[in-house]
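Q: Pasting a structure here, questions to come.
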Amino acid sequence: MSPLLMALLGVLLVPLFVATWRTSLLGLSCQGLLMAWIAYRMAPEPSTASEWLTLADLVLVRGLGAPLALYAVLHAQRAPARNDVIPPNLLSWTFALGIVLVAFNFSAALVPEHGQQQILVAVAATGVMLGFLVLATQSGPFSQMIGALRIENAIALFELGGERHHEPLGVQLGQIAVVAMTITLYRWYLKTLTASSGAADEGTPDGATL
């Protein structure tokens, strides 16, 4: 599983340096699909409804649903390709790389025994802290959404590494519904921003300065 976790760590970092919204959405998709692969490796033969729901959440909601929902809006808007997830300067990049080191030191203290569990905790902690870095440094709605979804995915990864127990199906379905509704709200808000900015442009005479 270590190669999968290392791939997930790379997926968390690369979109911070390749500043396009398509790369950010591809990163979200890869996060969901890689976590689904990790969950499948932990339970190679899903036999309970809870395990199937986990895979459906990671693949359909996080891996495909969220990126495609936001992609459809941005593609329809013909949004500029560039979108900085963090400020494009050496200080921000140093913070991002420093977060990785802090996360691995934190996981070593939390899980003394070296192994898969320690690496999983380190990657999950990296995801949470990088998500907060995005929220702290970017004020644009899309970047804020990306930061929040990164944190949500990191929490889901941390849950995968916990003790194998099955939550009541009602609770699990409620959690998936909350994530799905959040994604729907994000999509609606992006569309609303486009509509309101378009109406403002139409109401402004050509050549006028606000």
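Q: Looking at the range 134-157, which of the residues that are buried (at least 19 other Cβ atoms within 10 Å of the Cβ) and small (G, A, S) is farthest from L8 (Cα to Cα)?
A: Out of the qualifying residues, it is S143.
Q: Quick check on A76: is it surrounded by 15 or more Cβ atoms within 10 Å (Cβ to Cβ) and either over 19 Å from I155 (Cα atoms) or among the small types (G, A, S) (or both)?
A: no
Q: Let me ask something additional. Does W93 satisfy the criteria of being surrounded by fewer than 16 Cβ atoms within 10 Å (Cβ to Cβ) and in contact with a Pro (Cβ under 8 Å, 6 or more places away or on another chain)?
A: no
Q: Those residues that are more than 22 Å from L55 (Cβ to Cβ) and either within 12 Å of the chain's Cα centre (by Cα) or of a type in the set (A, V, I, L, M) (or both), I need them from the range 1-22; list them, please.
A: If the condition is that a residue be more than 22 Å from L55 (Cβ to Cβ) and either within 12 Å of the chain's Cα centre (by Cα) or of a type in the set (A, V, I, L, M) (or both), then L13, V14, P15, L16, V18, A19 are the ones that fit.
Q: What residue, among those in the range 1-58 that are among the hydroxyl-bearing types (S, T, Y) and more than 30 Å from R78 (Cβ to Cβ), is surrounded by the fewest Cβ atoms within 10 Å (Cβ to Cβ)?
A: Filtering first and then ranking leaves S47.
Q: Could you check how many residues of the range 160-181 are loosely packed, with under 14 Cβ neighbours inside 10 Å, modelled with pLDDT under 90 and assigned to a helix (DSSP H, G or I)?
A: The total comes to 3.
Q: Just one of (1) farther than 15 Å from L28 by Cα; (2) at pLDDT below 95; (3) not hydroxyl-bearing (S, T, Y) trips up F132, so point out which.
A: (2)
Q: Only residues that are among the charged types (D, E, K, R), in contact (Cβ under 8 Å) with a residue 24 or more places away in the chain and part of a loop (DSSP other than H, G, I, E, B): list them for the range 56-102, please.
A: Residue satisfying the conditions is D84 alone.
The values are calculated or read from the model by the stated rules, or taken from the named source; none is laboratory data. The shown structure was predicted, so the numbers you read here are calculated from the model rather than taken from an experiment. Positions of Cβ are backbone-derived with ideal geometry, glycine not excepted, and every protein chain shown enters the neighbour counts.
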